[in-house]
Amino acid sequence: MAEVAQAAGVSPASVSRALKDPESVSPDILARVHAAADRLGYSRNRIASSMAGARTPIIAIIVPTLTNAFFSRTIQSISGKIAPLGHQLMIGVHEYDQAQEESLIQSFLDWNPMALIVTGLHHSRGSTALLARAPCPVIEMWDYDKRPIDSVIGCSMDVAGRMVARHLIQKGRRNLIFAGHMLDRDPRAAARAAAFLGEVERYPEVTAEVLSLEGRNADAGYKMSEVIRRDHPDADGVAFSGDLIAIGALAGFSAMGVRVPEDIAVIGYGDLDPSGFSQPPLTTLRPPHHEMGAEVARHLLARLENPDHPSEMIDLGFRLIERATT
């Protein structure tokens with residue numbers, strides 16, 4: 001800043017005012033400061049300049065993965081809402097590792113962010129303690145429960161699992177399968193699987209099993225279709241934990257001459273773009289992937305504008321999209 005001031009022929013205080021509050025200096029000084037800053041390649045350190053006020057322009061967000069379209073869309077939506085206001089996202093990915101999530105939470109809190117957004121409601125004991133003591137708003141997203149740490153904006157995985165099972169049962173299916181990826185590490189998929197089984201228990205004439213997939217792509221679904229026909233030939237309804245997996249399974253069933261939905265009904269999760277163009281078009285459960293980011297951003301900005309704004313519990317719900325596979 002001192003170098004910019006010398007090059008512009010003004011005081012360091014004038015440089016500071018020109019960068020922080022352009023209207024407080026004359027147009028001539030503002031032009032000279034910007035010209036000197038551009039010439040010297042000066043970039044204002046917003047983190048350092050905010051330290052005196054004990055706040056940074058950072059909003060930290062932690063997701064399990066960026067390969068899942070739900071989370072990447074949510075991040076993009078939030079960023080689009082907050083960036084014009086001068087806030088910046090700091091993104092962390094923990095790959096469904098609770099220890100890594102705890103480390104990220106601690107690291108981000110060291111930056112003294114304006115807010116912290118985390119995915120889901122299941123955290124390690126250490127993470128829960130850190131979040132409970134955080135001196136900023138904490139938002140848990142993509143899950144829903146009435147006992148959040150601060151605010152929660154999401155949808156109930158229990159409701160999702162029961163909706164899927166109920167749909168298959170109402171279609172007359174009696175031997176059901178839930179096939180999911182990383183059920184030992186992904187608490188949201190595991191919760192849907194448990195709720196799926198819980199709903200089936202209400203119908204004595206219906207049976208259900210949970211199978212684990214080795215991946216979350218179409219190839220994993222193709223291989224699972226072979227496992228289902230070989231080891232579970234009586235299965236007449238299957239729910240997959242993701243649409244891409246389900247689309248791969250459709251290809252596998254077709255290759256084996258298994259008719260969908262006549263021989264076996266298939267339902268996915270996500271309503272991703274390819275789902276309506278599979279053969280046949282895939283029945284799926286649509287989570288609020290378009291609404292999630294916008295709602296999180298709305299609540300976040302309300303909290304930042306008004307520190308007395310209360311925490312909120314918002315259930316965005318699901319929508320069953322019925323197509324030809326059921």
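Amide H neighbours of ALA265 under 5 Å, counting only residues 5+ apart in sequence or on other chains, H built in-plane at 1.01 Å?
GLY237, VAL238
Could you compute the longest span of the chain free of GluC sites (Glu not before Pro) located in DSSP loops and having at most 15 other Cβ atoms within 10 Å, not counting the site residues?
With GluC sites (Glu not before Pro) excluded where exposed in loops, the chain gives 96-200 as its longest stretch.
Would you please classify the overall shape of the chain from the alpha carbon gyration tensor, given that a ≥ b ≥ c denote the square roots of the eigenvalues, rounded means a/c under 1.5, and beyond that prolate means a/b larger than b/c while oblate covers the rest?
It is prolate, given that a/c is not under 1.5 and a/b is the larger ratio.
Can you run phi through the Karplus equation (6.51, -1.76, 1.60; θ = phi - 60°) for segment 22-33 and list ³J(HN,Hα) in whole Hz, with x for Gly and Pro?
Taking θ as phi minus 60°, the curve returns x, 6, 7, 10, 6, x, 5, 5, 4, 5, 5, 5 Hz for segment 22-33.
Give a residue-ordered list of calculated ³J(HN,Hα) values for segment 58-75 (Karplus: 6.51 cos²θ - 1.76 cosθ + 1.60, θ = phi - 60°; whole Hz; x for Gly, Pro).
Ordered by residue, 3J(HN,Hα) equals 8, 10, 8, 9, 10, 10, x, 7, 9, 7, 7, 4, 4, 6, 5, 5, 4, 4 Hz.
Tally the DSSP beta bridges in the chain and give the antiparallel ones as a percent, rounded to 5.
Values: 3 of 40 bridges.
Here the share of antiparallel DSSP bridges comes out near 10 percent.
Helix-only mean residue ellipticity at 222 nm, the chain, DSSP H runs n ≥ 4 weighted -39,500 (n - 2.57), per residue, nearest 500. What is it?
Here the helix-only value at 222 nm equals -13500 deg cm²/dmol.
Across segment 36-41, in residue order, what do the Karplus-derived ³J(HN,Hα) couplings come to in whole Hz, using 6.51 cos²θ - 1.76 cosθ + 1.60 with θ = phi - 60° and x for Gly and Pro?
Running phi through 6.51 cos²θ - 1.76 cosθ + 1.60 with θ = phi - 60° gives 5, 5, 5, 5, 8, x Hz.
So if I place +1 on the C-beta of Lys and Arg and -1 on the C-beta of Asp and Glu, and nothing else carries charge, what would the dipole magnitude of the chain be about its Cα centre? I want it in debye, nearest 20.
Values: 32 positive and 39 negative charges, 100 e Å.
Roughly 480 debye, rounded to the nearest 20.
Could you work out which residue, out of ALA35, ALA60, ALA255, moves most in a Gaussian network model of the chain, that is, has the largest mean-square fluctuation with Cα springs under 10 Å?
The residue that fluctuates most here is ALA35.
Taking amide H atoms as placed 1.01 Å from N in the peptide plane, list the residues 5 or more away in sequence, or in a different chain, whose amide H sits under 5 Å from that of ALA179.
HN-HN under 5 Å from ALA179: LEU211, ALA239, PHE240, SER241.
Give the aspartates and glutamates whose C-alpha is closer than 16 Å to that of LYS146, dropping any in the same chain fewer than 8 places away, or say none.
Reachable aspartates and glutamates: ASP158, GLU312, ASP315.
Any read-out appearing in this document is the output of simple, stated calculations on the displayed coordinates, not a laboratory observation. Being a predicted model, the structure only gives us computed values, none of them experimental. No Cβ is skipped: glycine too gets one built from the backbone with ideal geometry, and neighbour counts run over all protein chains shown.
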